[in-house]
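Please read the structure below before turning to the comments.
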Amino acid sequence: MIPYLLCFSIAIIFSYLSELYLNKNKGAMIFFALLCVLVLGGLAGTRDLFIGGDLRIYGIREFAIANESTSFGGLLGANDGMEIGYSALNFIISRFVNSMNGFLFVFGLLEYGIMYMGMIQFRKYCSIPLQLYVYLFLLYPTTFNLIRQSFACSIIFLAFGLYINNKKASALFLFLLAPFFHSSAIIGLPMIILWFFFEKSEKKHDKMILCFLLVFSIVIALFGSSISDYLINSGMISSKYTMYMSTSTYGSQMGNNVGIISIFNLYRLVFVVIYLVNWKTIKDNKLFLFFFVLTVLDFIFTVLLKGSSGAVVARIGFYFTWFMPTGYFLSINALKNTQIKRALTIMTLVLLTIIGVHILLSSGVTSNSGQFYPYTSQILGLN
């Protein structure tokens, strides 16, 4: 536990210093941001190779294939259905490093760097250290398990941040790029269409949004499993994702992380309630309203539907969860009372610390099970 908490603390301090220089000294801001990302990438890259389920399933194999390939064309010839973007990234990184730990370090720098750039895009709505805090305790361990998908989720998060800041060409490029790392990232396109609807619609559409959420949740609850089966059987979703249809298989591969139903996931409802309490304020702010929808969808997919509709639904839900480092504090920032905002901020930090510690501790089941606790590293001499 100590390696995680120590690195989390150092990374948050560097993010605070980076934000401090955001409008004062761009060089200093970039320097501390890089240090923050280096800490997180270093923790990911120095871990032993049984930490993280996807490493054993495909991570080590794909890097070995890329490392042995003399050309990218040859790599594609040996490809076993892996997304071309992930294969290309393996190939490029393997030209510079030849160890799996080296790959994880470089891959981590890219992933956490992308996520950090996304947090900068939302800086005017929520401070970077607060966003990072939620990300570290809620999602960082998950990146050890979901190698491809967490990378795709981070790209979607950055793409949306760029889009709302009128960098639409770059955003659309990233939205189109993300599915090349994990095919589920196609969910990003409906998300941006939903935001486009928000952006262009009249302000008074709160009833329509609530009806949409209600109908959507009912449809997924009743037919989610059938829809998943149809998409896989028709070939629209790769057959390799059938492993996620089994809750037991999913649980054994993933560990007890953010996607597994437990009493600890019910805290999500707190933030839905905070948004509802501030409905009069947020219904006239399109960004806040959009994040309210994402927060509700995160709650629906993670808590209500995972058990009834299979783990594929939970996988889709990760794309909503990846926005929660911003979304949770947007709900608090909508409050007008400063003392209540401060109290809820502290409560949120304490709550997510408990959640994060629970996620880490509950993942340590048996040796070589893909858990991310305890953190062991032969490189660092941690056994």
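The values are calculated or read from the model by the stated rules, or taken from the named source; none is laboratory data. Just so you know, these numbers come straight off a predicted model, no measurement behind them. So basically every Cβ, Gly included, is an ideal-geometry build from the backbone, and we count neighbours across all protein chains shown. For the accessible areas, the whole protein counts, side chains as well, though only heavy atoms, and no ligand, DNA or RNA atoms are used. Shrake-Rupley method; radii C 1.70, N 1.55, O 1.52, S 1.80 Å.
Overview of results
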read-out: First in the range 113-136 and assigned to a loop (DSSP other than H, G, I, E, B), second anywhere and of a type in the set (Gly, Ala, Ser) and open to solvent by less than 10 Å² (accessible area, probe 1.4 Å), Cβ under 7 Å, 6 or more apart; value: Phe122/Gly161
read-out: Any hit, the range 19-42, residues being polar (S, T, N, Q) and surrounded by 15 or more Cβ atoms within 10 Å (Cβ to Cβ); value: no
read-out: Pairs where the first residue, in the range 179-197, is more than 17 Å from Leu294 (Cβ to Cβ) and in contact (Cβ under 8 Å) with a residue 40 or more places away in the chain and the second is buried (at least 20 other Cβ atoms within 10 Å of the Cβ) and among the hydrophobic types (A, V, I, L, M, F, W, C), C-beta under 6 Å, 6+ apart; value: Pro179/Ala185; Phe181/Phe151; Phe181/Ala152; His182/Ala152
read-out: Residues that are among the hydrophobic types (A, V, I, L, M, F, W, C) and either surrounded by 15 or more Cβ atoms within 10 Å (Cβ to Cβ) or more than 19 Å from Leu43 (Cα to Cα) (or both), drawn from the range 1-18; value: Leu5, Cys7, Phe8, Ile10, Ala11, Ile12, Ile13, Phe14, Leu17
read-out: Residue tally, condition surrounded by fewer than 21 Cβ atoms within 10 Å (Cβ to Cβ) and either touching a residue at least 24 places away in the same chain (Cβ under 8 Å) or of a type in the set (Asp, Glu) (or both), over the range 163-178; value: 3
read-out: Any chance Leu55 is open to solvent by 50 Å² or more (accessible area, probe 1.4 Å), in a helix (DSSP H, G or I) and either on the phi < 0 side of the Ramachandran plot or modelled with pLDDT under 85 (or both); value: no
read-out: Pairs with Cβ under 9 Å, 6+ apart, first in the range 19-48 and within 12 Å of Tyr112 (Cβ to Cβ) and among the small types (Gly, Ala, Ser), second open to solvent by less than 20 Å² (accessible area, probe 1.4 Å) and outside any helix (DSSP H, G or I); value: Ala44/Gly52
read-out: Count of the range 283-300 residues which are over 19 Å from the mean Cα position of the chain (by Cα), assigned to a helix (DSSP H, G or I) and not aliphatic (A, V, I, L, M); value: 2
read-out: All positions within the range 77-104 that are under 26 Å from Thr376 (Cβ atoms) and either surrounded by fewer than 20 Cβ atoms within 10 Å (Cβ to Cβ) or of a type in the set (D, E, K, R) (or both); value: Phe96, Val97, Asn98, Ser99, Met100, Asn101, Gly102
read-out: Options Tyr135, Tyr125; residue that is under 16 Å from the mean Cα position of the chain (by Cα) and among the aromatic types (Phe, Trp, Tyr); value: Tyr135
read-out: The listed residue being within 28 Å of Met82 (Cα to Cα), modelled with pLDDT under 90 and among the charged types (D, E, K, R), out of Asp229, Asp206; value: Asp229
read-out: Subset of the range 321-338 [open to solvent by 10 Å² or more (accessible area, probe 1.4 Å) and either part of a helix (DSSP H, G or I) or closer than 13 Å to Leu138 by Cα (or both)]; value: Asn333, Thr338
read-out: Any hit, the range 190-203, residues being over 17 Å from the mean Cα position of the chain (by Cα), at pLDDT 85 or above and farther than 20 Å from Phe323 by Cβ; value: no
read-out: Flag for Tyr140 being within 30 Å of Asn383 (Cβ to Cβ), hydroxyl-bearing (Ser, Thr, Tyr), modelled with pLDDT under 95 and surrounded by fewer than 19 Cβ atoms within 10 Å (Cβ to Cβ); value: no
read-out: Some residue of the range 99-109 being under 22 Å from Thr353 (Cα atoms) and among the hydroxyl-bearing types (Ser, Thr, Tyr); value: no
read-out: Any hit, the range 248-270, residues being open to solvent by less than 20 Å² (accessible area, probe 1.4 Å), modelled with pLDDT of 65 or more and closer than 27 Å to Glu199 by Cα; value: yes
read-out: Pairs with Cβ under 6 Å, 6+ apart, first in the range 339-360 and closer than 23 Å to Thr142 by Cβ, second open to solvent by 50 Å² or more (accessible area, probe 1.4 Å); value: Ile355/Phe264; His358/Phe264; Leu360/Tyr373
